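Undergrad: Quick one: the structure is below, questions incoming.
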Amino acid sequence: MPILTDISPSAPNPAESTEVPSPEWPVEFIGLPGSGKTSLANRLIQRLRARSLPAVDFDQALALGLARAVRQAGGWKSAVKAALCRRPLRPFWHRVFCPHEQAAAGCEFAAAHPDLLASLGRVLTASEQHPEERNRLFRYLSREFAGFQLFANHRRNREILVWDEGFCHRALSLWGRWPGTTPEEEITAYVAAIPRPAHVFHVSTGPQRCIERMQVRGFSPFVEHPDSAEVLRKMERLQTVVELTATALARRGVPVVRISTEGTLDESDAALQEAAATLARETAAAPASV
């Protein structure tokens, strides 16, 4: 049976940000690769929509925010650009063009979060021996900056962003990949600097179980790596970062719910139903956003 527990937040640290998020978004998932984050996030979106709450994943949020941004200028050019943001043209649009609105939103986000930029800058010290992986992670983050800001600027009433690999989960990529780092203080600083999520779901599964799932799916880093012991050590490092991130979030006052997926994902449905009901109640009670 799934385990559903709340990590009760401790008293907020006065040195940390005290902003209070809109209760209905964002909702983030953290957990090891193969733990079931994406599957559970998609199921949560379905359950929220069944309760008439317009929940979206990150790709949908980015496309919606970009389309709404380009429509603001009006005229036929904006209508054409907005159409290009829709499927099936969206992949072509993102490969060939870098929309001005997306770049501007990324810069807007960065300017509003200098502490986060400082935290990420310190990652360079730990990752200098892995430039390709480091650069890939920062490309992901740049896209996340833009998508988050676009959706925040153009979000409509009651829309909920359900993010399977958002800023909270990104701590795994930033501090879990390089041995020899001492990430606890950096993770705490990073969690204090990111936009505060309304809820975080810690998808809890053991490293060996996650590796087995990745092997079944043919995920190359876990299938082609010649040293199975090193794969396990890497997953254990990631697990340590997950726990540190969950602790830092709870200390900041963010509700963290742990869902075990050691069994089948279907067994986690009861936990998701409870989570969807809680989010629906909180969203209904929240003031309508502009």
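The values are calculated or read from the model by the stated rules, or taken from the named source; none is laboratory data. Values in this document were obtained by computation on a predicted structure and should not be read as measured data. Methodologically, a virtual Cβ is constructed for each residue, glycine included, from the backbone with ideal geometry; neighbour enumeration extends over all protein chains shown.
Undergrad: Quick check, is residue 185 of a type in the set (Asp, Glu) and more than 17 Å from the chain's Cα centre (by Cα)?
TA: Answer is yes for this residue.
Undergrad: Looking only at the range 120-137, filter to residues that are closer than 29 Å to residue 69 by Cα and surrounded by 14 or more Cβ atoms within 10 Å (Cβ to Cβ); which one of those is nearest to the chain's Cα centre (by Cα)?
TA: This residue is 137.
Undergrad: Another question, then. Here are 82, 67: which of them is within 23 Å of the chain's Cα centre (by Cα), at pLDDT 60 or above, part of a helix (DSSP H, G or I) and closer than 20 Å to residue 152 by Cα?
TA: Going through 82, 67 in turn, just one is within 23 Å of the chain's Cα centre (by Cα), at pLDDT 60 or above, part of a helix (DSSP H, G or I) and closer than 20 Å to residue 152 by Cα: 67.
Undergrad: Let me ask something additional. In the set 249, 232, 279, which member is in the same structural domain as residue 44 (by TED's automatic domain parsing) and surrounded by fewer than 21 Cβ atoms within 10 Å (Cβ to Cβ)?
TA: Exactly one of 249, 232, 279 is in the same structural domain as residue 44 (by TED's automatic domain parsing) and surrounded by fewer than 21 Cβ atoms within 10 Å (Cβ to Cβ), namely 232.
Undergrad: Sticking with this structure for a sec: Residues in the range 201-212: is at least one assigned by TED's automatic domain parsing to the domain that holds residue 254, modelled with pLDDT under 75 and under 25 Å from residue 120 (Cβ atoms)?
TA: Scanning the range 201-212, I find no residue that is assigned by TED's automatic domain parsing to the domain that holds residue 254, modelled with pLDDT under 75 and under 25 Å from residue 120 (Cβ atoms), so the answer is no.
Undergrad: Could you grab the pairs with beta carbons closer than 6 Å, sequence gap of 6+ or different chains, first residue in the range 127-154 and at pLDDT 80 or above, second one of a type in the set (D, E, K, R)?
TA: Here the result reads 149/108; 154/68, each pair linking the range 127-154 to a residue that is of a type in the set (D, E, K, R).
Undergrad: Restricting the range 244-290 to residues that are among the aliphatic types (A, V, I, L, M) and part of a loop (DSSP other than H, G, I, E, B), which is modelled with the lowest pLDDT?
TA: 290
Residue by residue, here is whether (1) part of a helix (DSSP H, G or I); (2) surrounded by fewer than 22 Cβ atoms within 10 Å (Cβ to Cβ); (3) among the charged types (D, E, K, R); (4) at pLDDT 85 or above holds:
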residue	(1), (2), (3), (4)
18	no, yes, no, no
21	no, yes, no, no
25	no, no, no, no
38	yes, yes, no, yes
43	yes, yes, yes, yes
46	yes, yes, no, yes
59	yes, yes, yes, yes
78	yes, yes, no, no
98	no, yes, no, no
